[in-house]
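Student: So that we are looking at the same thing, I have put the structure below in structure tokens.
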Amino acid sequence: MTIPEIMSGVYLKGHGGLEMLEYRDDIPVPKPGLNDVLIRVLAAGVNNTDVNTRTGWYSKSVSSATDAGGADGYDLDDDDGSWTGRPLVFPLIQGADVCGKIVAVGANVSDARIGERVLVRTMQEDRETPGPYRCWTFGSETNGGFAQYTTAHTEESFAINCDWSSVELASIPCAYSTAENALHRAGLSNETILITGASGGVGSAAVQLAKRRGATVIAMTSDSKAEMVRALGADKTVDRNADLVKELGKESVDMIYDLVAGPQWPSFLDVLKRGGRYVTSGAIAGPLVELDVRTLYLKDLTLIGATYQDDITFKNLISYIERGEIKPLVSKTYPLSEIAQAQTDFLEKKFVGKLVLVPPQ
């Protein structure tokens, strides 16, 4: 195929509100580096990390829930507005989720890769500062998928062979790798797990992935979404505003996977069994919580943060898809030009699963 010189895509012009997203038709098509592949983007999912990076929510100066500045952004110091704490370079093409087709390769990559349909790993090796727990996010520290074309390192671009649509595949990389990583790091087996934020992209992925591991799943969600979450495999649902001790009882769950945090957080530790594990990769209800350290040490609890991903995490996801062990949950699709509406709907959280953007083909 003939690769054009310019493309359509969305520039993030700086930290701020939705007005910082600029859809353009004159963006230069990127050139693959020596070890890169050029990918024609077929679909790109919408994620919390895209919104949080745009608004600068990762800054230590922000203490509110993620939706508080989702539309308008925050008044902050741009120097620590990315999740790594390093300043971003603008304009930036965001988009942590990519399903696409390889159309060209760098000099060190085999031409045999051209034509492969691929998923790009979201949480990638930090090639500037390699080492344990060093990573960066596709669409944050490097340009991502909110455009017709993107580049990625060949080792971060995974061929996928299945009958899913490209829109369905684009719902997977960020949310499902985040959930799989947390369950892997915390060593979930056939135990009882409480999953917060269970109707969102990561939460709904975690429900499926926890069931795949043989766990008994208790999912926190709104009453209006409970039936859909149970259809994904949850054994029990509890309202997101419930008194957890009253609903579940003290020391009733082996593990908690938390994406919410916020003012309800102390009750999470109350329902953990002695020796239980708490793992988190999100704080949509607010990042600052109250911890009674006595609860932590007297119950021999383990608190785990889960961002960095071992290589096996994404490889496992590919195998789960190809073996038919998980299923996608796409709520709605939008043309890429309607990114502002998609993020507005994302912030309102009236859906279950994922929203996906489709660039011009």
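Student: Please compute the modelled spin-label separation between Glu338 and Ser63, points set 7 Å along Cα→Cβ, answer in nm with one decimal.
Tutor: Modelled inter-label distance: 3.9 nm.
Student: Still on this structure: Express in nm, to one decimal, how much length is gained between Glu5 and Asp235 on full extension, taking 0.36 nm for each residue of separation and deducting their alpha carbon distance. Numbers along the way, then the final one.
Tutor: Working: separation 230, 0.36 × 230 = 82.80 nm, distance 5.17 nm.
Contour length minus Cα-Cα distance gives 77.6 nm.
Student: Turning to a different aspect of this structure: Express in % the proportion of alpha carbon pairs of the chain at distances exceeding 28 Å. Could the numbers behind the result be given before it?
Tutor: On the way: 26876 of 64980 pairs.
Beyond 28 Å sits 41 percent of the P(r) for the chain.
Student: Report the full-extension gain for the segment Asp270 to Asn161: residue separation times 0.36 nm, less the Cα-Cα distance, to one decimal in nm.
Tutor: Working: separation 109, 0.36 × 109 = 39.24 nm, distance 4.39 nm.
Full extension of this stretch gives 34.9 nm more.
Student: Could you please rank Ser166, Ser199, placing first whichever residue has the fewest other Cβ atoms within 10 Å of its Cβ?
Tutor: Numbers: Ser166 20, Ser199 26.
Exposure proxy ranking, most exposed first: Ser166, Ser199.
Student: Another one. For segment 101-226, give the magnitude of the charge dipole about the Cα centre (Cβ charges: +1 Lys/Arg, -1 Asp/Glu; no others), in debye to the nearest 20.
Tutor: Numbers: 11 positive and 13 negative charges, 54 e Å.
Roughly 260 debye, rounded to the nearest 20.
Student: Can you tell me the orientation of helix 201-212 relative to the chain, as the angle in degrees between its alpha-carbon axis and the longest Cα principal axis, to the nearest 10?
Tutor: With both axes taken from Cα atoms, the answer is about 70 degrees.
Student: Counting helices only, and only those DSSP H runs with n ≥ 4, report the 222 nm mean residue ellipticity of the chain as the sum of -39,500 (n - 2.57) divided by its residues, in deg cm²/dmol to the nearest 500. Let's see the in-between values first.
Tutor: Details: 10 runs with 85 residues, N = 361.
Per the formula, -6500 deg cm²/dmol.
Student: In which sequence would Phe138, Phe351, Phe90 go, from the one with the fewest C-beta neighbours within 10 Å to the one with the most? It would help to have the intermediate numbers written out before the result.
Tutor: Working: Phe138 26, Phe351 18, Phe90 12.
So the residues, fewest neighbours to most, are Phe90, Phe351, Phe138.
Student: Next question, about the same structure. Mind pulling the per residue volume of the convex hull built on the Cα atoms of segment 175-305? Å³ is fine.
Tutor: Numbers: hull volume 11.7 nm³, N = 131.
Cα-based convex hull of segment 175-305, divided per residue, equals 89 Å³.
Student: Which order do the peptides 246-258, 41-53, 122-134 come out in when sorted by mean C-beta neighbours inside 10 angstrom, highest first? List each step's numbers first, then the result.
Tutor: On the way: 246-258: 19.0, 41-53: 26.5, 122-134: 14.0.
Ranking, from highest mean packing down: 41-53, 246-258, 122-134.
Student: Output the 0 to 90 degree angle, nearest 10, between the alpha-carbon long axis of helix 339-348 and the longest principal axis computed from the alpha carbons of the chain.
Tutor: 0 degrees
Student: Here's another thing I want to ask about it. Under the definition of Cα pairs under 8 Å and six or more residues apart, what whole-number percent is the relative contact order of the chain? Let's see the in-between values first.
Tutor: Details: 865 pairs, mean separation 66.4, N = 361.
About 18 percent, as a whole number.
Read the figures in this text as sums done on the coordinates, not as results from a lab. The structure displayed is predicted, hence computed values, not measured ones. Reconstructed Cβ throughout: ideal geometry from the backbone, glycine too, with neighbour counts over all protein chains shown.
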